[in-house]
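Have a look at the structure below, then the notes.
No value in this document is a laboratory result; all are computed from the given coordinates. Note that the structure is a prediction, hence the values are computed from the model and not measured. Here the Cβ is made from the backbone with ideal geometry for all residues, glycine too, and neighbour counts use every protein chain on show.
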């Protein structure tokens, strides 16, 4: 059903009413939508539930088919193909307090987190940013879950009238983990305002890729990769990604977003230093340099990347 004029809530159950694969808070599933394309949707329900997956989908005016298909064509009783749940945005197990900041449809993974935190008796506070009360999905459920620990910020479309991130994030409390999900503008502003927080206690997820300024790409250079399983060296041109190059060679590699936000193309990195440009790996994982998103990341100047492919 519709939660707001442009957000549709959809519930999936297993075939023949079977239990669905379990999921953890913050997980998403990849759905096969129009024309065999796949799109990621966060699970918004209680992870303790095994009988259903709940997603909420914002209609994108010029989206590439996923949101329009779900709004206009998906009907009761339709059979949909979905991946097992995947989690790139999990709760911090050692945190003693949890501060959640959501922008618009970015509320969905934070809702599953709220259910899990409530079940475990953990402390959680939510700041939920939307344009106006009418566009605020799940507001009733959120009030029940967070009671007096939720603040709604309605900016009427003018971010300067919205949440004051400097105030909200001014003084990190020991053991508090921050989770941010929403549009790139909010995520980046919140990460900047939390620059003085311990970075292992800041987690975020983007639903939509950032707009790329061509000027940021003008210094990109060609580099080599080694496909270790084939003992084959391939040159990646300055204006091509690793993924595009492998596709040009008709190699079968798993991918979806092509912009470094979904984690589907994550590949084991066996050698060489990568220039990590994705929004999936955290800072620690980037410095460990043992995985790479081949749709968006490249090699550091002068480096050859050895991939487990």
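Have a look at the DSSP beta bridges in the chain and tell me what percent are antiparallel, nearest 5. Kindly include the intermediate steps, with their values, before the conclusion.
Values: 27 of 53 bridges.
The answer is about 50 percent antiparallel.
Using 0.36 nm times the number of residues separating residue 268 and residue 161, minus their current alpha carbon distance, what extension gain do you get? Let's see the in-between values first.
On the way: separation 107, 0.36 × 107 = 38.52 nm, distance 4.36 nm.
Contour length minus the Cα-Cα distance gives 34.2 nm.
In nm, to one decimal, how far is the residue 81 label point from the residue 250 one, both placed 7 Å along Cα→Cβ?
2.2 nm
Jot down the radius of gyration and Dmax of the stretch 2-72, Cα atoms only, both in angstrom.
When restricted to Cα atoms, the stretch 2-72 yields Rg and Dmax of 12.6, 36 Å.
Mind checking the angle between helix 107-120 and the chain's longest principal axis? C-alpha axes, 0 to 90 degrees, to the nearest 10.
The two axes meet at around 70 degrees.
What angle do you read, to the nearest 10 degrees and between 0 and 90, between the alpha-carbon axis of helix 184-193 and the longest principal axis of the chain?
90 degrees
Give, to the nearest whole percent, the P(r) tail of the chain beyond 36 angstrom, counting all Cα pairs. Intermediate results must be reported in sequence, preceding the final value.
Numbers: 9965 of 47586 pairs.
Percent of Cα pairs beyond 36 Å in the chain: 21.
Hey, what did the stretch 59-194 get for relative contact order, percent, Cα under 8 Å, at least 6 apart? If you can, show how the numbers build up before the last one.
Values: 154 pairs, mean separation 37.9, N = 136.
So the answer I get is 28 percent.
Let me check against my output: what whole-number percent is the relative contact order of the stretch 2-72, with C-alpha pairs under 8 Å and at least 6 apart?
Values: 112 pairs, mean separation 25.1, N = 71.
Here the relative contact order equals 35 percent.
Once you have the alpha carbon radius of gyration of the stretch 109-258, what is it after dividing by 2.2 N^0.38 Å, with N set to its residue count?
Ratio of Cα Rg to 2.2 N^0.38 Å: 1.41.
So if I take the centroid of the Cα atoms in the stretch 80-125 and the same for the stretch 183-225, what is the distance between those two points in Å?
Centre-to-centre distance over Cα atoms comes out at 21 Å.
Enumerate the residues in the stretch 251-269 having an amide nitrogen under 14 Å from the point lying 7 Å beyond the Cα of residue 37 toward its Cβ.
Counting backbone N atoms under 14 Å from the label point, the list is 256-259.
Would you work out the relative contact order for the stretch 1-126, in percent, from Cα pairs under 8 angstrom that are 6 or more residues apart? Numbers along the way, then the final one.
Details: 217 pairs, mean separation 38.5, N = 126.
With pairs under 8 Å counted, the relative contact order is 31 percent.
For a footprinting-style exposure proxy, rank 141, 93 by other Cβ within 10 Å, fewest first. Provide the component values of the computation, followed by the final result.
Numbers: 141 16, 93 6.
Ranked by crowding around the Cβ, least crowded first: 93, 141.
Percent of Cα-Cα pairs per 10 Å bin, from 0 to the last occupied bin, for the stretch 214-307, please list those.
P(r) for the stretch 214-307, in whole percents per bin: 17, 55, 27, 1.
Please report the antiparallel percentage of DSSP beta bridges with both residues in the stretch 140-253, rounded to the nearest 5. Show your work: numbers first, answer last.
On the way: 5 of 10 bridges.
Bridges in the stretch 140-253 are about 50 percent antiparallel.
When the chain is modelled as a GNM with alpha-carbon springs shorter than 10 Å, which of 271, 260, 121 fluctuates the most?
The residue that fluctuates most here is 121.
Given only helices, namely DSSP H runs of n ≥ 4 each adding -39500 (n - 2.57), what is the per-residue ellipticity at 222 nm of the chain, to the nearest 500 deg cm²/dmol? Before the final figure, lay out each step's value.
Values: 7 runs with 56 residues, N = 309.
Estimated from H runs of four or more residues: -5000 deg cm²/dmol.
Can you tell which of 180, 107, 142 shows the greatest fluctuation in a Gaussian network model of the chain with Cα springs below 10 Å?
142
When the Cα centres of the stretch 2-28 and the stretch 30-78 are compared, how far apart do they sit, in Å?
Distance between centres, Cα-based: 8 Å.
Could you compute the FRET efficiency for residue 141 and residue 170, with r as their C-beta to C-beta distance and R0 at 25 Å, rounded to 0.05?
In this case the efficiency is close to 0.30.
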